[in-house]
Amino acid sequence: MEDPRKSRSFPEIPGVPNRNELMKPLIFPNSQRGFKIFTYVLSIAAGLYCIFIPEYKGDHAFLPIRRWVHEQKGKLLQIRPEDEEYVKQRTAELAAKVELAAKETVQDTEKETAKS
């Protein structure tokens with residue numbers, strides 16, 4: 001026995017879309033999964049932004065988790081005592097390179113201004 005809903009046909013009305021056209025997605029019919037993933041990522045990013053980025057005045061609900069994350073970042077990014085000497089040496093090397101590059105840039109600009 002056939003389903004009476006499937007056998008029933010609707011009259012065609014000029015200017016009104018038929019049933020098949022109404023069932024198609026309006027935008028990008030083959031990317032529902034992409035929109036779902038995009039929505040999840042956007043929701044998580046918005047939540048993390050609201051928790052960690054804005055500066056709230058006084059006590060607020062996000063203060064404990066912000067403190068915990070700050071402590072964890074401090075532990076993770078802390079320089080060990082045995083590495084301090086290397087960091088100082090490397091910092092001095094990089095500062096010397098930056099100074100040398102600045103001198104070369106000044107010399108190059110002086111040459112260019114002298115030419116013109």
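Were the residues from Asn30 through Ala92 laid out at 0.36 nm apart, the gain over their Cα-Cα distance would be 16.7 nm. Solvent exposure of the chain amounts to 99 Å² per residue of accessible area, where only protein heavy atoms count and the probe is 1.4 Å. Entry note, the chain: the mean residue ellipticity at 222 nm calculated from DSSP H runs of n ≥ 4, each adding -39500 (n - 2.57), is -21500 deg cm²/dmol after division by the residues and rounding to the nearest 500.
Each principal axis of the chain carries a Cα extent, and these read 87, 57, 33 Å when sorted largest first.
Only protein atoms count toward the accessible area here, which uses a 1.4 Å probe; on the chain, the carbon and sulfur part of that area reaches 62 percent. When Val87, Val16 are compared by accessible area of protein heavy atoms, the largest-first order is Val16, Val87, using a 1.4 Å probe.
How fast does the range 67-116 diffuse by Stokes-Einstein, in µm²/s, taking the Kirkwood radius from C-alpha pairs at 25 °C and 0.890 mPa s? Estimated via Stokes-Einstein, D reaches 173 µm²/s.
The values are calculated or read from the model by the stated rules, or taken from the named source; none is laboratory data. As the structure is a computational prediction, the values presented were derived from the model and not from experiment. These area figures cover heavy atoms from the full protein model, side chains too; ligands, DNA and RNA do not enter into them. Shrake-Rupley method; radii C 1.70, N 1.55, O 1.52, S 1.80 Å.
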